[in-house]
1. Please count how many residues of segment 6-51 are in contact with a Pro (Cβ under 8 Å, 6 or more places away or on another chain) and either among the charged types (D, E, K, R) or free of Cβ contacts under 8 Å to residues at least 24 places away in the same chain (or both).
2. Which of the residues spanning segment 41-97 are part of a strand (DSSP E or B), of a type in the set (Asp, Glu) and either more than 13 Å from residue 17 (Cα to Cα) or in the same structural domain as residue 245 (by TED's automatic domain parsing) (or both)?
3. Out of the strands (runs of 3 or more DSSP E) lying entirely within segment 326-429, which hold 2 or more residues that are touching a residue at least 24 places away in the same chain (Cβ under 8 Å) and under 21 Å from residue 270 (Cβ atoms)?
4. With respect to the numbered conditions (1) of a type outside the set (A, V, I, L, M); (2) at pLDDT 85 or above; (3) exposed (fewer than 14 other Cβ atoms within 10 Å of the Cβ); (4) under 30 Å from residue 281 (Cβ atoms), which one is the sole condition not fulfilled by residue 169?
5. Contact list please: Cβ distance under 9 Å, first residue in segment 243-262 and of a type in the set (S, T, N, Q), second residue outside any helix (DSSP H, G or I) and at pLDDT 80 or above, pairs at least six apart or on different chains.
6. Which one of 294, 334 is within 30 Å of residue 421 (Cα to Cα) and surrounded by fewer than 20 Cβ atoms within 10 Å (Cβ to Cβ)?
Amino acid sequence: MQRGFEKDYHELLLSLIPRDLLSSVRLEGIIDALAHNERSTMIKEAYLSMEELCAKGVFIKKGFRKSGAGVFFDYEGAGDQTRFTLEMTKIEWGQLPSERMDDERKEIVPGVIAGIISSLSINSARSVGSKISSMLSLSPRIVANTKAFLILDTRLNILGTHSVTNIFEISFDNIKKNQLYKKVLKNKAVIFVSEPLGMKKSFFELSGDVKRLVLIPLIFSDREIGVLEIHFSSDVEISKNILFNLYLVGEGIIRLLKNNIQLEQMVSVDKLTCVNNRNYYETQVPLELERASRDKKFLGFLIMDIDHFKEFNDKYGHDTGDEVLKLVAQTVKRHLRKIDLFIRFGGEEFIAVLPGASKEAAMRTAERLRNVIENTEYKVEDGRELSITISIGGSIFPLDAKNQSELFRNADKSLLKAKRNGRNKVVFF
């Protein structure tokens, strides 16, 4: 889709559609779509609004056409030269609510849409893994004698300690080491595999009657999150309709995972500093330790504390104290790697987790952070410059600790030593 697509739809909903002629339900829908500025919602509301206006005789639907991966609805104003064309992908078109479906739309398996909608219910008490498993079970309803499987980046932590036979969580690095899945994600396109050698590269055990595989990449917001894998046990021709329905399952999984990630972010991000919070620490640090142990790699662990923070609050007020917290948090975050975890643990205390960092590498990182904070200028409203420094204590897994509690305790001991030595220091266990 061309650049500026969402902007065009935003302009359409905001000013081009005569909103005074719409029902209150449609008007509320448009207001909600503009507030969220989400592509799928804007497309749906634009389509429903134009259908309503056509029913009232304000517009005439002049045409419906498909070209490549795109679908186009052409509208013309009744009695004037106004023209609109709504453009969307076939996947988005398949998700539009409409009673008037052409022959191709009628062939969509009804249970696919219903299953996806029920699985996407955020209020459901079922686990995300269970919801995804139910969505995968839609596959044989689309094509008989098929089974669907899912490969997910382990960083999503969907399964936790549970095990689901048709969902496989693995580190993204290992996913990309597999040439079969690497090709799917790199090309961002469906691939078909029928030769035995290619099928042997699957992460899943193939039964003897499997004839071919269809692999669909799962990507949202340019983030590669996994691969949907369908096993076909017959030589049935994979038509556009079959592929379209499998796409719908993939899109439903993406939406479910996206909702889950957004919900996790809501409860895992500190509102003041916009870095991760203690809830995130409790869920992610055990995973990083498990990964470091499995891969036999080091894990750096830093606890940092803003020196004399209470004085900022007492002398300049809590608003200034909050600004100091935000300044330190965002400055530290900018000077860490993307793979590093950074958490506001509580009050003026922060934790950085450095996957793969040896003691020497972690010490260099800690010293760089200490130095950049010391040299970052911050002025209060009256123009006075604040002197901000941090003290850092560090420990390394597995050199200094064998588990999470030891890692924290030893880094905390080092932090206390840094404070006793005059603050603005880095001390490792």
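1. Filtering segment 6-51 down to residues in contact with a Pro (Cβ under 8 Å, 6 or more places away or on another chain) leaves 44, 48.
From the residues that got through so far, the ones that are either among the charged types (D, E, K, R) or free of Cβ contacts under 8 Å to residues at least 24 places away in the same chain (or both) too are 44.
Qualifying residue count, segment 6-51: 1.
2. First, the residues of segment 41-97 that are part of a strand (DSSP E or B): 59-67, 70-77, 83-89.
Now narrow it down to the ones that are of a type in the set (Asp, Glu): 74, 76, 87.
Those that are part of a strand (DSSP E or B), of a type in the set (Asp, Glu) and either more than 13 Å from residue 17 (Cα to Cα) or in the same structural domain as residue 245 (by TED's automatic domain parsing) (or both): 74, 87.
3. Working: elements: 341-346, 349-355, 390-397, 426-428.
In segment 326-429, the matching strands (runs of 3 or more DSSP E) lie at 341-346, 349-355, 390-397.
4. Status for residue 169: all satisfied but (3).
5. 245/138; 245/143
6. Numbers: 294 fails: within 30 Å of residue 421 (Cα to Cα).
Exactly one of 294, 334 is within 30 Å of residue 421 (Cα to Cα) and surrounded by fewer than 20 Cβ atoms within 10 Å (Cβ to Cβ), namely 334.
The values are calculated or read from the model by the stated rules, or taken from the named source; none is laboratory data. These figures come from a predicted structure and were not determined experimentally. All Cβ positions, even for glycine, are placed from backbone atoms using ideal geometry, and neighbour counts span all protein chains on display.
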